[in-house]
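S.K.: Sending over a structure as structure tokens; questions will come in a sec.
The values are calculated or read from the model by the stated rules, or taken from the named source; none is laboratory data. Note that the structure is predicted; figures quoted are calculated from it, not measured. Here the Cβ is made from the backbone with ideal geometry for all residues, glycine too, and neighbour counts use every protein chain on show. Remember, those area values only see protein heavy atoms, side chains included, never the ligands or the DNA or RNA. Shrake-Rupley method; radii C 1.70, N 1.55, O 1.52, S 1.80 Å.
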Amino acid sequence: MINSNLVFEKQLKQNAHLFRLFLDTLTDAILLVDQSGKIVQLNRQTILMFGYESKKELIGKAVEILLPNQFKNAHQTHRSIFFEDAESQSLSNLFGKRKDSTTFPVEVNLAPLPLEKNTIFSVCIQDLSKYREAEEKLHQVTERLMLATQAANIGIWDWDIINNVLVWDNAMYALYGISENQFTGVYEAWEAGLHPEDKERSREEVQEALLEGKEFNTEFRVVWPDTSVHYIKAIAKIYYDTQGNAVRMVGTNWDITPLKIADKQIVENANRNKVFVEQAPSAIAMFDKQMRYLTISKQWLKDYQLKEENIIGRSHYEVFPGTKEELKAIYQECLQGAVNRRDEDGFERADGSIQWIKWEIRPWYNLDNQIGGILMFTEDISTRKQTEAELRRAKQLAEDANKAKSEFLTNMSHEIRTPMNAILGFSEVLYNTISDPIAKGHLETILTSGNTLLNLINDLLDLSKIESGRVEINPEAVNLPQLINDLQQLFATETAKKSLYLNIKVPMGFPQSLMMDKVRLKQILINLIGNAIKFTDAGGVTVQLALENFNRKQLLYGISIQVKDTGIGISPEYHKKIFESFWQVRTVLTKKNKGTGLGLAITKRLVELMGGNIHLQSALGRGCSFTLHFEDLPTSDEPIKQDASFDWNDKKVKFFHSKVLIVDDFPINQKLIKTYLKQYDLQLHVAENGVEAVKKASQVIPDIILMDLLMPEMNGEEALEVLRAQEITQTIPVIAFTASTSVNNPEKMLSKFDGILRKPTTRAELLRQLTRFLPNEIQMQNSVAESQTTALEHNIPKQGMEVNRTHLEALLSQFSQRSEALAEIVSLDDVSLFIEELSDFCTQHQLDYMTEYIRQLNNRYQEFDIHGISQQLTYFTPWVEEIFPKDSGL
Ligand code: ADP
């Protein structure tokens, strides 16, 4: 019995040990608690979980030791109730307290263990810390995902395929423009929102994804209840059951409308560009990097005789197999970023003709700023080249013709002027030697017509010289205010006659010396002022100088000269025309105008030759204002040359046995000069050509030679060279005596000859040249004013002379001055006044010997022979002298 008891006891101990061991293997904390709440037993996990070192620390202690303080009281109450009911219970949301007083979440399972005497409870505690942490993390992740989907406007949907339940999150409603209660939560509700055109395709895509396992990644449009259309991008994942049947589909939606609009714009732009290129009026082609055609203009097809359907997508080298290596290299260069162009490039066509092309090749860049290929622009300039060549030919022809014209003109004028020289000269000589009035009348007509002809030739020559560019501008220092002042004097009689004013306005500080061609400037101003006076009957003319700008650095002036009148004016429609040759405004007002219509044409060309321009401002009846502008005029320190107003009619010349050699192949010219000079104390020699001239000069050693230029055998210039080379003739002055219009560069001529004498020449001109080189004596009339002459006494009635002697002298001297002024600028009205007053004067003082002079002048006036009048006026003083010898004291 004892044994069996012992065995039993041992057995019992054994079991209890095993039980403890078993408890210790469990991962939950297990406690046994008695009814008073004391811990009876516990496993190892408990001390680990609660941070104790040994079981002993807890055994026998109230179980509340393991609870946070705030739960202790409540726990004791619960424990009593629980012991009474004694049922198993699971308690969550509880907390445990470790030895170090830290707390942690726990789940507790209670189970009563009924024993014989009392009940104890097993308490199973699970540490929930890890679980709670994981839960927290999941919560955070979910929250973040929500935030992300919300921010990106991504909607999430979940479709239970078996039960056809479709669940949307809030973002989905917003994407479909509906509220939650408008959504029925089935697949069809989604389809209902799709754009009719996208419905079928989208359904198919869902089916393919479900049945064939295709990826669901698509785009479709949804139509909102307000009919607006929105683009949606959708992606989904499919879940399958164990049999491989799709049971669930979960996916996202988001709005891609802005992207789509941008895409559409890009496409539209591309299309527009394509149309633009296609319709461009020039040949344009766009290539990719492999030189395949992307776009071409219609003109490209036309220029290269291509058909469009063959081209796009094909390689350029395939379309043009003959492309030269040189060009290929250029294309490659451009594909690397270079821009190449050529203004003209010749290509041989199939038929052998040359096609001229102007081209430009440049790279084009894609959105990433990478070269996407090249653009070629070409222009067929064959027609232009041909036209250019024709124009060049035509220009050459015109230039040749113009040259021929100029040469013809030069020759003709030479041919005309030479005989005119003889005609006019001898008529003049004859006129002075014969007394038969009828013959004199005929001679006058000859002189008049000859001079008219000469004038016309001179004008035409002037114009044609300018036009053929043979007029050279020779700037010299000019005092412009002074020059205009002189002109004012020149026009004084004319303005006085018409009771017009002629004002000159010069601003302060206007430069006193500017480099300009004085002769040409004078010619221009005489013409403008002359016209202004001619076409003005009341008021007058103002010449206004203005300083427009001044370049201080280079001392260059910009000036304007305005000639303004209060005359009849010119209607704007004629403003251009009047600068054309031979053009005149024909109206009642201008019908008295005796001009040639060449004045303004010459003026304009001269102004332009001088680097200026001329502008007209005028309206009919409002006067005219011609303004000249000159830019960049240098100033000068050179002393201003005074015009040597050398008038032979004021002087009587005496020569002293000098020898003159006249060289001319035309006997009449020789004779004329001889006639002019016969009254002087001069020895005259004649030679017919250069050879003879050299011979004669070497023998005679003349004091001066008058050398014709154009002569047979040896011309004047050649003869001059020989003369200059010979010691004995080296220093003889040689005057060029020429009718040639080629004397357009007098400076060049004067670098060789000592002077120029133009044919036809007047006696005065001839004398002027001779006095430059031959010893002479010029006697001024005034210097001998005191002495009287018999001639005067004989020819003027004594009484008249005695009574009015001083008065008469003064008056004749006034006429003399007027005749000089008039001779320079002939104004018909003034001439008529002069004639009138002179004849009155002569009648009054019975100066009969002047009647013939007045008659001749009047004849020329009646013929409107300007040159003749001018010449006759220059005779006035000699005529008076002829009757009153120079020492007569007039
Ligand atoms: P013309 O020898 O006839 O004067 P121009 O070439 O000098 O030739 O002038 C051409 C025409 O321009 C004149 O005939 C006249 O009709 C007109 N014209 C020139 N200057 C003036 C002016 N100041 N007032 C009115 N008309 C003018």
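S.K.: Explain nothing, just the number: dipole magnitude of region 26-123 about its Cα centre with +1 on each Lys and Arg Cβ and -1 on each Asp and Glu Cβ, in debye rounded to the nearest 20.
M.R.: About 380 debye.
S.K.: Let me ask something additional. Spin-label point model (7 Å from Cα, Cβ direction): what's the K72 to D343 distance in nm?
M.R.: 10.9
S.K.: Based on alpha-carbon centroids, what's the gap between region 217-245 and region 91-145 in Å, whole number please?
M.R.: Centre-to-centre distance over Cα atoms comes out at 44 Å.
S.K.: Mind ranking R470, R292 by accessible surface for me, highest first, 1.4 Å probe?
M.R.: These residues rank, largest area first, as R292, R470.
S.K.: Right, something else. Report the label-to-label distance for N164 and F550 in nanometres (one decimal), using points 7 Å from each Cα along the Cα→Cβ vector.
M.R.: According to this spin-label approximation, the distance is 10.4 nm.
S.K.: Separate question: What's the longest bit of the chain with no exposed GluC sites (Glu not before Pro), using DSSP loop states and at most 15 other Cβ atoms within 10 Å as the test?
M.R.: Between the exposed loop sites, the longest stretch runs 216-471.
S.K.: Then there's this: Go through region 649-730 and name the trypsin sites (Lys or Arg not before Pro) that are in a DSSP coil and have 14 or fewer other Cβ atoms within 10 Å of their Cβ.
M.R.: Here the trypsin sites (Lys or Arg not before Pro) that fit, given the DSSP loop and packing criteria, are K678.
S.K.: Let me ask something else about it. Given the convex hull of the Cα atoms of the chain, what is a quarter of its surface area in nm²?
M.R.: Here the figure is 85.5 nm², rounded to one decimal.
S.K.: Here's another thing I want to ask about it. Ordered by residue, what ³J(HN,Hα) values in Hz, to whole numbers, does region 155-168 give under the Karplus form 6.51 cos²θ - 1.76 cosθ + 1.60, where θ = phi - 60° and Gly and Pro are x?
M.R.: Ordered by residue, 3J(HN,Hα) equals x, 10, 10, 9, 10, 7, 5, 4, 9, 6, 10, 10, 10, 10 Hz.
S.K.: Would you mind estimating how fast region 68-116 diffuses translationally, via Stokes-Einstein at 25 °C and 0.890 mPa s with the Kirkwood radius over Cα pairs, in µm²/s?
M.R.: 202
S.K.: So, one more: Taking only the Cα atoms of region 359-449, how large is their convex hull per residue, in Å³?
M.R.: Hull volume over Cα atoms, normalised by residue count, gives 167 Å³.
S.K.: How much of the pair distance distribution for region 70-148 lies past 15 Å, counting alpha-carbon pairs only, in percent?
M.R.: Here the long-distance tail beyond 15 Å is 68 percent of all Cα pairs in region 70-148.
S.K.: Please state the equivalent ellipsoid semi-axes for region 473-583: what are the square roots of 5 times the Cα gyration tensor eigenvalues, largest first, in whole Å?
M.R.: 26, 17, 14
S.K.: Let me ask something additional. Give the Kirkwood hydrodynamic radius (Å, one decimal) of region 34-79, defined as one over the mean of 1/r across all pairs of different Cα atoms.
M.R.: Mean inverse Cα-Cα distance, inverted, gives 11.1 Å.
S.K.: To continue, here is another question. May I ask for the equivalent-ellipsoid semi-axes of region 4-149, computed as the square root of five times each C-alpha gyration tensor eigenvalue and listed largest first in whole Å?
M.R.: Computed over region 4-149, the values are 34, 18, 15 Å.
S.K.: Please identify the trypsin sites (Lys or Arg not before Pro) of region 66-141 that satisfy two criteria: DSSP loop assignment and at most 12 other Cβ atoms within 10 Å. Which are they?
M.R.: Qualifying residues, ordered by number: K117.
S.K.: Over the Cα atoms, compute the radius of gyration (one decimal) and Dmax (the largest Cα-Cα distance, rounded to a whole number) for region 275-378, in Å.
M.R.: Cα only, region 275-378: 13.3, 45 Å (Rg, Dmax).
S.K.: May I ask you to evaluate 6.51 cos²θ - 1.76 cosθ + 1.60, the Karplus curve with θ = phi - 60°, for each residue of region 677-693 and list the ³J(HN,Hα) values in order in whole Hz, giving x for glycine and proline?
M.R.: Using θ = phi - 60°, the values come out as 9, 4, 6, 9, 7, 9, 9, 9, 10, 10, 9, 9, 8, x, 4, 5, 4 Hz.
S.K.: Here's a follow-up. Return one whole number: the accessible area per residue of the chain in Å², for a 1.4 Å probe.
M.R.: Ligands and nucleic acids excluded, the result is 55 Å² per residue.
S.K.: Per residue of the chain, what 222 nm ellipticity follows from adding -39500 (n - 2.57) for every DSSP H run with n ≥ 4, rounded to the nearest 500?
M.R.: Dividing the helical sum by the residues of the chain leaves -15000 deg cm²/dmol.
S.K.: Using modelled backbone amide H atoms (1.01 Å from N, in-plane), which distant-in-sequence or interchain residues come within less than 5 Å of V247's amide H?
M.R.: Under 5 Å from the amide H of V247: Y239, Y240, D241.
S.K.: What do you get for Rg/Rh over region 122-206 if you use C-alpha atoms and the Kirkwood form of Rh?
M.R.: Here the Rg-to-Rh quotient is 1.20.
S.K.: Under a point-charge model restricted to the Cβ atoms of Lys and Arg (+1) and Asp and Glu (-1), what is the dipole moment magnitude of the chain relative to its Cα centre, in debye to the nearest 20?
M.R.: Dipole about the Cα centre, nearest 20: 1140 debye.
S.K.: Could you calculate, for region 210-359, the ratio of the Cα radius of gyration to the Kirkwood radius, expressed as Rg to Rh?
M.R.: 1.25
S.K.: Further question: Rounded to whole Å and sorted largest first, list the principal axis extents of the Cα atoms in region 214-303.
M.R.: Largest to smallest, the principal-axis extents are 70, 39, 16 Å.
S.K.: Positive end of the dipole of the chain, charges at C-beta (+1 Lys, Arg; -1 Asp, Glu), about the Cα centre: which of M707, Y239, L128 has its Cα farthest in that direction?
M.R.: L128
S.K.: Between beta-carbons, use under 10 Å as the cut-off and find the net charge around R342, counting Lys and Arg +1, Asp and Glu -1.
M.R.: -2
S.K.: Now, a different point. Per 0.36 nm of contour for each residue apart, how much would the distance between E608 and F510 grow if the chain were fully extended, relative to their Cα-Cα spacing?
M.R.: Roughly 33.0 nm would be gained on extension.
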